[in-house]
Amino acid sequence: MIRAGTVSEIAPSSGEWLVLDIGFANESSSCGLLINGGHPVELRFSEAKEKICGFISTSAAPVNLLIEAPLSVAFDRKGNPKGRAIEKRDGKTRYWYVGLGCTVMVATFYLLEAIVAGRPSSDVRLFEGFVSFKIKGVKSNHARDVELLWEVVRDRTAYPGAIVEANALKMTESDTLQSAFLVAGINAGIPPIIMQNT
């Protein structure tokens, strides 16, 4: 079963942890992956997908899958895409439906499809990572991004405000929030978001 994780499950002891900074490049190692607080590695999309699916297929414990990509979406009252509250800061926006947000969301669709096809025997709990508003022109460090997210999981009390629950994502009360994967028939719910600054 794939479902949204809960805030109370954001702890190293709640199960196995896979922290993924997902990318969707053709030739470069655009993904960062950290397993249970180990050493992060940078991989191509196909390598990351294979490693994650293999890990989930052999795990007897629940697997907490933290992905740095939009896992929920928002729409305004007319049904048009709208940003979520975390995606606007100091006049800058990183909306889920524009640019890189769309790219990594599509990559996540393909990863979840592979996980579902593998018929996992244990629960897979989703958490959304958000490491954004980086300095323009600075190359992404995928290994560092997963380390930053793991730091919050490891000790969330050291990072007040780094965890955002679903009920805090609406910009206005009339907005509609839903799982990003509902359109593919996967209603995983709306996971909490783990934020970190670079």
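The values are calculated or read from the model by the stated rules, or taken from the named source; none is laboratory data. Predicted, not measured: the structure shown is a model, and the values here were computed from it. Neighbour counts run over all protein chains shown; Cβ positions are idealised from the backbone, glycine included. These accessible areas exclude ligands, DNA and RNA; they are computed on the full protein's heavy atoms, side chains included. Shrake-Rupley method; radii C 1.70, N 1.55, O 1.52, S 1.80 Å.
Summary of computed values
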item	result
Some residue of the stretch 18-39 being at pLDDT 95 or above and part of a helix (DSSP H, G or I)	no
Residue in the stretch 182-196 that is surrounded by the fewest Cβ atoms within 10 Å (Cβ to Cβ), counting only those that are farther than 28 Å from Asp155 by Cβ and touching a Ser or Thr at 6+ places or on another chain (Cβ under 8 Å)	Asn187
Pair list, Cβ < 6 Å and 6+ apart or interchain, from the stretch 56-75 residues that are among the hydroxyl-bearing types (Ser, Thr, Tyr) to residues that are in a strand (DSSP E or B) and open to solvent by 10 Å² or more (accessible area, probe 1.4 Å)	Ser59/Glu16; Ser72/Leu177
Hits in the stretch 69-79 - residues which are of a type outside the set (Val, Ile, Thr) and either open to solvent by less than 40 Å² (accessible area, probe 1.4 Å) or within 16 Å of Leu169 (Cα to Cα) (or both)	Ala69, Pro70, Leu71, Ser72, Ala74, Phe75, Asp76, Arg77
Cβ pairs under 7 Å, 6+ apart, first in the stretch 86-114 and farther than 17 Å from Ser140 by Cβ, second of a type in the set (A, V, I, L, M) and in a loop (DSSP other than H, G, I, E, B)	Ile86/Leu169; Leu111/Ile22; Leu112/Ile186
Hits in the stretch 143-174 (condition: exposed (fewer than 12 other Cβ atoms within 10 Å of the Cβ) and not β-branched (Val, Ile, Thr))	Asp155, Ala158, Pro160, Gly161, Asn167, Glu173, Ser174
Failed criterion for Gly15 (all others in (1) at pLDDT 95 or above; (2) of a type in the set (Gly, Ala, Ser); (3) at negative phi hold)	(3)
Failed criterion for Leu66 (all others in (1) at pLDDT below 95; (2) buried (at least 16 other Cβ atoms within 10 Å of the Cβ); (3) not in a helix (DSSP H, G or I) hold)	(1)
Residue in the stretch 112-129 that is of a type in the set (Asp, Glu), at pLDDT 95 or above and open to solvent by less than 20 Å² (accessible area, probe 1.4 Å) present	yes
Residues of the stretch 1-17 satisfying the condition of being aliphatic (A, V, I, L, M), more than 10 Å from Leu126 (Cα to Cα) and either touching a Lys or Arg at 6+ places or on another chain (Cβ under 7 Å) or in a strand (DSSP E or B) (or both)	Ile10
Exclusive hit being in contact with a His (Cβ under 8 Å, 6 or more places away or on another chain) and among the charged types (D, E, K, R), set Asp21, Asp76	Asp21
Pair list, Cβ < 8 Å and 6+ apart or interchain, from the stretch 148-173 residues that are closer than 18 Å to Asn64 by Cβ to residues that are among the hydroxyl-bearing types (Ser, Thr, Tyr) and surrounded by fewer than 15 Cβ atoms within 10 Å (Cβ to Cβ)	Leu148/Thr198
Hits in the stretch 1-41 (condition: aromatic (Phe, Trp, Tyr) and open to solvent by less than 50 Å² (accessible area, probe 1.4 Å))	Trp17
